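For reference, the structure discussed in these notes is given below.
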Amino acid sequence: MKYSLSGEKILVTGVSRSHGMGRAIVKTLSEAGALVAAHGYGAYDQAMGYDDAHTASDPFGQPNVCSLPPSDLSAAGEAERAVEEGAQLLGGLTGLVLNHAHSTHCPMGQWDAEHIDKHFQVNVRASMLMIQRFADLAPHGCITLFTSGQYLGPMTDEIAYAVSKEAIRCLTVQAAAALAPQRIRVNCVNPGPNDTGYMTGPAYEKAKEMFPFGRWGKPEDAAKLVCFLHSDQADWITGQTIASEGGFNRFQG
């Protein structure tokens, strides 16, 4: 079943890689008829070693997609500004997809304040400020946040990231209740391990065996769920965290 998002105006963050989840979400939403504004920060992805990172605005070449200037959402005022620019470019907003994330590996014993703070500035603070500004501008709508698998098992090499993503699950529940009178739905997606190029070699093949369908999750899998959540078919769903992990067995072996 294909969902129609005609008339929807949606801002999507975390759109800075050719093979990333953000780009798949933008493509899926726009093909469903939504007007989409894409925001990313390719400098971060480039620093993380991704060779498909866009450090300038991503040229989608689609009439119903526009790109915002890249910016670091941890910087003061940038989170709110991205929402305002998206609303200006699209003539308003009815949807917000917060796909951006800061994630670096650092086991316990090596943490410092800067490592911890950066995760919360990007993943939590920016999301809270963007939701608040969206609620100021949108008479109604839908917000989708992204978490990880930290609520289903430990992620001991990236605890700061995991804790910040658990805060996103809490934010989903709280914001859903606070914004319900305004007819704004808020949900959260756990996309599971996704084949976006962050893992290769033997580790990639070992992880692949942990999926009962015999393949990794694809960005398009999560994008289809986001499209459903922003359609009128999901208008009675709010405050939920929905996993799209393909049965991933993180305890296998």
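The values are calculated or read from the model by the stated rules, or taken from the named source; none is laboratory data. As the structure is a prediction and not an experimental result, all values here were calculated from the model. Here the Cβ is made from the backbone with ideal geometry for all residues, glycine too, and neighbour counts use every protein chain on show. The protein model used for the area step is the full one, side chains on, heavy atoms only, and it has no ligands, DNA or RNA in it. Shrake-Rupley method; radii C 1.70, N 1.55, O 1.52, S 1.80 Å.
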- Quick check: anything in segment 127-139 assigned to a helix (DSSP H, G or I) and over 21 Å from Ala37 (Cβ atoms)? no
- Message: Testing Trp216 on (1) surrounded by fewer than 15 Cβ atoms within 10 Å (Cβ to Cβ); (2) closer than 30 Å to Gln46 by Cβ, one condition comes back false. Which one is that?
- Response: (1)
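If you go through segment 193-251 one residue at a time, how many are assigned to a loop (DSSP other than H, G, I, E, B) and on the phi > 0 side of the Ramachandran plot? Before you say what the answer is, go through the steps one by one.
Taking segment 193-251 as the starting set, the residues that turn out to be assigned to a loop (DSSP other than H, G, I, E, B) are 193, 195-200, 209-216, 218, 230-231, 235-240, 244-251.
Then keep just the ones that are on the phi > 0 side of the Ramachandran plot; that gives 197, 214, 239, 246-247.
Within segment 193-251, residues that are assigned to a loop (DSSP other than H, G, I, E, B) and on the phi > 0 side of the Ramachandran plot number 5.
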- Message: Please verify whether Ala178 is modelled with pLDDT of 95 or more and open to solvent by less than 30 Å² (accessible area, probe 1.4 Å), treating the condition exactly as stated.
- Response: no
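Could you look through segment 36-48, keep only residues that are open to solvent by 60 Å² or more (accessible area, probe 1.4 Å) and not hydrophobic (A, V, I, L, M, F, W, C), and pick out the one that is farthest from the chain's Cα centre (by Cα)? Steps first, please.
Initially, segment 36-48 is screened for residues open to solvent by 60 Å² or more (accessible area, probe 1.4 Å), giving 41, 46-48.
Add one more test, that the residue is not hydrophobic (A, V, I, L, M, F, W, C), and what stays is 41, 46.
Details: Tyr41: 13, Gln46: 18 Å.
It comes out as Gln46.
Residue check: is His115 open to solvent by 20 Å² or more (accessible area, probe 1.4 Å), assigned to a loop (DSSP other than H, G, I, E, B) and in contact (Cβ under 8 Å) with a residue 24 or more places away in the chain? I'd like the intermediate steps shown before the answer.
Details: open to solvent by 20 Å² or more (accessible area, probe 1.4 Å): yes; assigned to a loop (DSSP other than H, G, I, E, B): no; in contact (Cβ under 8 Å) with a residue 24 or more places away in the chain: yes.
Here the answer is no, as His115 does not meet what is asked.
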- Can you tell me which residues in segment 20-60 are assigned to a helix (DSSP H, G or I) and farther than 19 Å from Val83 by Cα? Met21, Ala24, Lys27, Thr28, Glu31, Ala43, Tyr44, Asp45, Gln46, Ala47
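Leu93 - would you say it is under 18 Å from the mean Cα position of the chain (by Cα), under 24 Å from Lys224 (Cα atoms), open to solvent by less than 60 Å² (accessible area, probe 1.4 Å) and modelled with pLDDT of 95 or more?
Details: under 18 Å from the mean Cα position of the chain (by Cα): yes; under 24 Å from Lys224 (Cα atoms): yes; open to solvent by less than 60 Å² (accessible area, probe 1.4 Å): yes; modelled with pLDDT of 95 or more: yes.
Spelling it out, Leu93 is indeed under 18 Å from the mean Cα position of the chain (by Cα), under 24 Å from Lys224 (Cα atoms), open to solvent by less than 60 Å² (accessible area, probe 1.4 Å) and modelled with pLDDT of 95 or more.
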- Item | Given (1) open to solvent by less than 60 Å² (accessible area, probe 1.4 Å); (2) modelled with pLDDT under 95, number of the condition Pro139 does not satisfy | (1)
- Could you check Thr144 against (1) β-branched (Val, Ile, Thr); (2) within 17 Å of the chain's Cα centre (by Cα); (3) at pLDDT below 90 and say which number it fails? (3)
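Can you tell me which residues in segment 226-247 are open to solvent by 30 Å² or more (accessible area, probe 1.4 Å) and either of a type in the set (D, E, K, R) or closer than 23 Å to Met199 by Cα (or both)?
First pass over segment 226-247, keeping only residues open to solvent by 30 Å² or more (accessible area, probe 1.4 Å): 228, 232-233, 235-238, 240-244, 246-247.
Answer for segment 226-247, where residues must be open to solvent by 30 Å² or more (accessible area, probe 1.4 Å) and either of a type in the set (D, E, K, R) or closer than 23 Å to Met199 by Cα (or both): Asp232, Asp235, Ala243, Ser244, Gly246, Gly247.
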- Note on the structure: Of those in segment 1-35 that are more than 16 Å from Lys224 (Cβ to Cβ) and among the aliphatic types (A, V, I, L, M), the residue surrounded by the fewest Cβ atoms within 10 Å (Cβ to Cβ) is Leu35
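Which residue out of Gln88, Gln150, Gln110 is without any contact (Cβ under 8 Å) to a residue 40 or more places away in the chain, part of a loop (DSSP other than H, G, I, E, B), surrounded by fewer than 18 Cβ atoms within 10 Å (Cβ to Cβ) and of a type outside the set (Phe, Trp, Tyr)? Spell out how you get there, then give the answer.
On the way: Gln88 fails: part of a loop (DSSP other than H, G, I, E, B); Gln150 fails: surrounded by fewer than 18 Cβ atoms within 10 Å (Cβ to Cβ).
Just a single option satisfies the conditions, and that option is Gln110.
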